[in-house]
Amino acid sequence: QVFDDQGKDVTPHPLFQPDPSNVAPKQGKILAASDYSAVTGSGFLSTISKSYASTESIADDIAEPSPRRDTSTSITDVRVRREEVKEQLTNEELDRRVDIYLTETDTIWIFDMPSVVMSVESEDAGKVLERNKVYVDVCKNRVGNERFVERMMQTLNGAPKSKEVQCDKIVREDKGIMVTSWDLYDSFNDLEIEPTSKAEGRRVTIVSSNISIISREHDESTSSICDRDSTTSSVMESALLAKIHEEKEDHSEAILKSEKFHQDLFFMERILMENVFQPKLAVYRQLPVLIEPIATSNTGDRTTAMEEADLEKEEHEQEEQDEEEQKDVFTAPSVLSNLNKVPEEFVPPSLELLWSYTCDLTNGRSVSSMAWNKLNPDLLAVGYGEFDFKEQKNGLVCCWSLKNLMWPERVFHCEHGVTALDFSMVSPNLLAVGMYNGIVAIYNVQSRNNAALLDSSECLDKHIGPVWQLKWVEQDRGTTGDDKGEILISISADGRITKWFIRKGLGCSDLMKIKRSVGEKKKSTGEKERKSEALISRQAPGMCFDFHPKDTNFYLAGTEEGLIHKCSCSYNEQFIETYRGHKGPVYKIAWNPFSTDMFLSCSADWSIILWHQELQKPILTFSSTTAVVHDIVWSPKSVFIFVAVNESRVEIWDLSISTLDPLVIRFATPKVKFTTVLFAKNTDCLLIGDSTGQVSVFELQNLGASHSDKVQGPRRKGGSLWG
């Protein structure tokens, strides 16, 4: 016992107090006095007996609540029996064989979690499957079913709290607007409805005699009608206005969803684009630019002077902008020396930027190819894809129109980068697209469906390398049967030139397999023969091709080895001629549209070579910069002019003026690389694609003097430039 300073008993009481009526005390046999006769000291025996007695009572209390445990046997009884057996066994009993049987004791269930899975072979499997089927049907038919009822569930809300917030003072102001006479007329007609008031039990007629102010205050609209001379209830007026507003909302929603409204918006957007870009489109189409007339003012000469000052300011800003653009255009010194010989009225050629095809979808993508539609000269297809293997991402094809320069008419998303595309001549609505993974797909630009009409994914002979170029070609000679007419030709990095045909699906057959060729080099005296290197593939990767403009039975193919092979559609086993001159992969080949025996080629070795099909050696080699030449194209109006695209600049060459330096050079902005070039149809404009996803449209100014399709070039030693 523990007492405090005042003598009170503060002894702590035990937390557990067993009920003596429920628990019957048992005497442990293990603590008999006869078993511990050798032990002296009664205090020690009493202490041990008390501790074992408490243990026995606790064990009994724990064992009693279990429903599956036999209460007749306790832990202390087992211990007593073991001690008795140890004391009573003799040597004979120890040597005797004893059979011990192990039986399973009762299971004590601590946690029972029923299974949610049942075997199909069980007895209740049929019932469970039927219940599951009914549940699935209920879930499917839940919405709109008469047996389904939505109910609200009451949840416990948290204790409310009082919060104070400081804000600015709410200021109310009266707003007024200017309305027209037809607004007054429409509002007057809307208020001449005679509603019936059931609340007051009488009919109230709204008659407007004089309307002084119309400024209806509403959250969504800005007009209101107030201050009327008629005796009208404010409640009825608000109800009427709410009803009119609901009718207008329902009507406006139907208008917004109608096809006629979408079509009108489509035409309205085109009209706005035509108005915004009218000066530039007029320059593109070589039409006179319309100047808006200046409205005369009655306020006197002061207004006229201000308008003239504004016009002079705008003209000055336009001149400064033109001067900044001309800084990027450079004319070679040798060309200027040749131009000094012409009359003083001659103006040097230049490039003027009109607009750029770009949008949010094309930002950050590289322009890989461009193609005009054969029927509609205003429709341009642009492919977006990366040429480097490490920078590959999803491809994109956009069809741009001159009627909307801000957003493409059609957008096709591709799983892989787009490397080449071309429109069909027989079916102008078909657009063939080549991808980096070797797939050739055909899209229908008339349909608004973004899925491909046909593709070569299931073709057994499809390309296994990037499709670097494809083109629709009309063949009338050397072909028979289904191949006669227009066919689709593609060249790939797997070394195959393939023609595609549309039957039940998209099938193909090889037109030529480009074999690797060994260089023919004369050995110098005393040079030892080198062992031939082992080839990884017997076929050379193809990079580009171009069919003869007059005889489509012949074509040229450029390879990664730097060779150009002249091939025939009638012979697929060997080349007719091989032109050697490039030291790197040939990226583009282009026949001259006027002098059909001449063709150009550009390569990664920084050079452009002019060839004659009857000569295996180059006629002229152009190398103006140390950069890869990605693309070249002949002018459709002149036999002497062609355009080349390097990584950092665009070069316009006129062979009638100079064969050493380009006529016009336009540099790219920093961190931007030019990738492809294309002449516009029926106009003096040039389209240039770059690595940022922009297709810039430039006007070729002052190139009319060189526009000639006669093959009369400058002379050189041994005859004409063209042979």
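The values are calculated or read from the model by the stated rules, or taken from the named source; none is laboratory data. Worth saying up front: this structure is predicted, and the values here are computed from it rather than measured. With ideal geometry, Cβ positions are generated from the backbone for all residues, glycine too; neighbour counts draw on all protein chains shown. Just the protein is used for accessible areas: all its heavy atoms, side chains included, with ligands, DNA and RNA removed. Shrake-Rupley method; radii C 1.70, N 1.55, O 1.52, S 1.80 Å.
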How would you order 671-680, 3-12 from highest to lowest mean count of nearby Cβ atoms within 10 Å? 671-680, 3-12
Ignoring ligands, DNA and RNA, what accessible area per residue does the stretch 400-469 give at 1.4 Å, in Å²? 43
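Sort 503-513, 162-172 by packing, meaning the average of other beta carbons within 10 Å per residue, with the highest value first.
Per-residue Cβ counts within 10 Å, averaged per peptide and sorted highest first, yield 503-513, 162-172.
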Sequence order, the stretch 456-470: Karplus ³J(HN,Hα) from phi using 6.51 cos²θ - 1.76 cosθ + 1.60, θ = phi - 60°, Hz rounded, Gly and Pro as x, gives 9, 5, 9, 7, 6, 9, 5, 5, 10, x, x, 8, 7, 7, 8
About its Cα centre, the stretch 577-648 carries a charge dipole, from +1 on Lys and Arg Cβ atoms and -1 on Asp and Glu Cβ atoms, whose size in debye to the nearest 20 is 60
Label the stretch 393-433 by shape, choosing from rounded, prolate and oblate, from the square roots a ≥ b ≥ c of the eigenvalues of the Cα gyration tensor; if a/c is under 1.5 it is rounded, and otherwise prolate applies when a/b is larger than b/c, oblate when it is not. oblate
Whenever you get a sec, compute what percent of the accessible area on the stretch 558-603 sits on carbon and sulfur atoms (1.4 Å probe). 41
Skipping prolines and chain starts, which residues have an amide H placed within reach, meaning under 5 Å, of the one on residue 393, given they are 5 or more residues away or on another chain? 386, 417
Long pairs among 513/566; 390/515; 140/257; 471/550, criterion Cα-Cα beyond 19 Å: 390/515; 140/257
Carbon and sulfur atoms: what percent of the 1.4 Å accessible area of the stretch 621-701 do they account for? 51
Charge dipole (debye, nearest 20) of the stretch 642-708; +1 at Cβ of Lys and Arg, -1 at Cβ of Asp and Glu: 200
